[in-house]
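Student: Take a look at the following structure, please.
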Amino acid sequence: MEIASGKAVKNWLITGGCGFIGTSLIEHLLKGQSGFKIRVLDNLSVGSREDLAEVCDFLEIPAGPPKDARSSFVELLAGDIKDFETCLRACEGIDVVVHLAANTGVGPSVEDPRADMESNVIGIFNMLEASRRMGVGKFVFASSGAPIGEVEPPIHEEKAPRPVSPYGASKLAGEGYCSAYFRTFALKTISLRFGNVYGPRSKHKSSVVAKFLKQALKGENLEIYGDGSQTRDFIYIKDLIGAIDLAVEPQPNKSVPPAPASGPAVREPWGEVFQIATYRETTVKEIAEKIRELIGMETGIKVEVIYSAPRLGDVKRNYSDISKAGKILGYAPVFGLEGGLKATFDYFRSRAC
């Protein structure tokens, strides 16, 4: 893999690399390449050393270089993105940053908006500034559909963002800083608005699919906030990892119709925002019923779907038009919901999560 300058991507930094998406990305990279290094920066507040060890051998630094002559290896730097000196150290010698570390979810941001801001806004500023100072080639930011807020779907990149939750506001700030650092400092940034990601290794997530599977495997009822008619765009982890690959090395697809943009056409991805999802709208109630049926068929466990009060900050409908990502990055999802749910269920059952 090469970055735009033609320089090979030898050194990756993945913030939040001990988490669900980070470990999945590392597993993917180690299967597909050789002769490179991955550094993980993680404060271990959610993901753990044990989670990272499930996908790779790693060396925790500072401990010097590895003693063997492996052509590829993984380093772990335990530290926080809120500390600028740690970010500088993490970015030293790095070609591409994949910035996954964040306070995630609407609920935690409503409960503690200051903590959400400090992690998501100060954190990305520190990482961007450290990347600029250390000469990083590319910077991929994990954003969300939350910056858009309550708008008529499908979401696309030309819709004006109006965040409903503090989480959405903090992610919007991150997108703004990525745009500014490209246009002011020529750091090749790209913001990916992830749909609702699910899949194996999501045991620490509190989002809908992981939550329902954990509840069902314990024989607990599946709790929906509100009436279940709210919709989301559920994306399987392997499709998401493919999108991150394409953000580092785009493969434009000239056969894909242009995005529904009202502004000028975009030809390069740098400084831009992309919706990364499936272009499919699914209700939370549908997901709950699919999981209830899957659990019953595979295990014989009988659970019911129950309803509680809606959560503050939740949007009613959310799914994404992904044509801009298809045209400019070459992104196209390939995994269906049923197969993805079955693979995720198999993972949770095998680990009794």
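The values are calculated or read from the model by the stated rules, or taken from the named source; none is laboratory data. In this text the structure is predicted, and so the values were computed from the model without any measurement. Neighbour counts are summed over all protein chains in view; Cβ atoms, including those assigned to glycine, are modelled from backbone coordinates with ideal geometry. We work out accessible area using only protein heavy atoms, side chains counted, and drop any ligands, DNA or RNA first. Shrake-Rupley method; radii C 1.70, N 1.55, O 1.52, S 1.80 Å.
Student: Given a 1.4 Å probe and heavy atoms of the protein chains only, how would you sort Asp233, Asp80, largest accessible area at the top?
Tutor: Final ranking, largest accessible area leading: Asp80, Asp233.
Student: Related question: Translational diffusion coefficient, Stokes-Einstein: compute it for segment 206-337 using the Kirkwood radius over C-alpha pairs as Rh, at 10 °C and 1.306 mPa s, and state it as an integer in µm² s⁻¹.
Tutor: Values: Rh = 16.7 Å.
Result for D is 95 µm²/s.
Student: Rounded to the nearest 20 debye, what is the charge dipole size of segment 144-303 about its Cα centre when +1 sits on each Lys and Arg Cβ and -1 on each Asp and Glu Cβ?
Tutor: Using Cβ point charges on Lys, Arg, Asp and Glu, segment 144-303 gives about 420 debye.
Student: Let me ask you something else. Could you order Asp57, Asp112, Asp239, Asp314 so the one with the most accessible surface comes first? Probe is 1.4 Å.
Tutor: Final ranking, largest accessible area leading: Asp57, Asp112, Asp314, Asp239.
Student: Pairs of Cα atoms under 8 Å, at least six residues apart: use those to get the relative contact order of segment 202-353, whole percent.
Tutor: Details: 215 pairs, mean separation 65.2, N = 152.
The value is 43 percent.
Student: Of His204, Val55, Ile94, whose Cα points farthest to the positive end of the dipole of the chain (charges on the beta-carbon: +1 Lys, Arg; -1 Asp, Glu; origin at the Cα centre)?
Tutor: Result: Ile94.
Student: Here's a follow-up. What number, in percent, do you get for the relative contact order of the chain if the mean sequence gap of Cα pairs under 8 Å and at least 6 apart is divided by its residue count? Provide the component values of the computation, followed by the final result.
Tutor: Values: 750 pairs, mean separation 62.9, N = 353.
Taking the mean separation of contacting Cα pairs over the length of the chain, I get 18 percent.
Student: Can you pull a Stokes-Einstein diffusion coefficient for the chain at 37 °C (0.692 mPa s), Rh from Kirkwood over Cα pairs, as a whole number of µm²/s?
Tutor: 159 µm²/s
Student: Could you tell me which of Gly219, Gln230, Gly107 has its Cα farthest along the dipole of the chain towards the positive end, charges placed at Cβ (Lys, Arg +1; Asp, Glu -1), taken about the Cα centre?
Tutor: Gln230
Student: Moving to a separate point now. Can you give me the % of accessible surface on the chain that is carbon or sulfur? Probe 1.4 Å, all protein chains present, nothing else counted.
Tutor: 52 percent
Student: Same structure, new question: Note down, for segment 107-194, the three equivalent ellipsoid semi-axes (square root of 5 times each alpha carbon gyration tensor eigenvalue), biggest first, whole angstrom. Present the calculation step by step, with values, prior to reporting the outcome.
Tutor: On the way: eigenvalues 109, 56, 14 Å².
Over the Cα atoms of segment 107-194, the ellipsoid semi-axes are 23, 17, 8 Å.
Student: Whenever you get a sec, line up Arg89, Arg183 from highest to lowest accessible area (probe 1.4 Å, protein heavy atoms).
Tutor: Result of the area sort, largest leading: Arg183, Arg89.
Student: Shifting gears a bit: So, with +1 on the Cβ of K and R and -1 on the Cβ of D and E, and no other charges, what is the size of the charge dipole of the chain about its Cα centre, to the nearest 20 debye?
Tutor: Here the size comes out at about 460 debye.
Student: I've got another one for you. Assigning unit charges at the beta carbon (Lys, Arg +1; Asp, Glu -1) and nothing else, what dipole magnitude in debye, to the nearest 20, does segment 69-156 show about its Cα centre?
Tutor: The dipole magnitude comes to about 420 debye.
Student: In straight Cα distance, which lysines are under 21 Å from Lys159, not counting same-chain residues fewer than 8 positions off?
Tutor: Lys171, Lys316, Lys324, Lys327
Student: Can you give the accessible area per residue of the chain, in Å², using a 1.4 Å probe?
Tutor: 43 Å²
Student: Continuing with this model, one more query. Would you kindly find the accessible area of Ile322, with a 1.4 Å probe and non-protein molecules such as ligands, DNA and RNA excluded, rounding to the nearest 10 Å²?
Tutor: It works out to around 20 Å².
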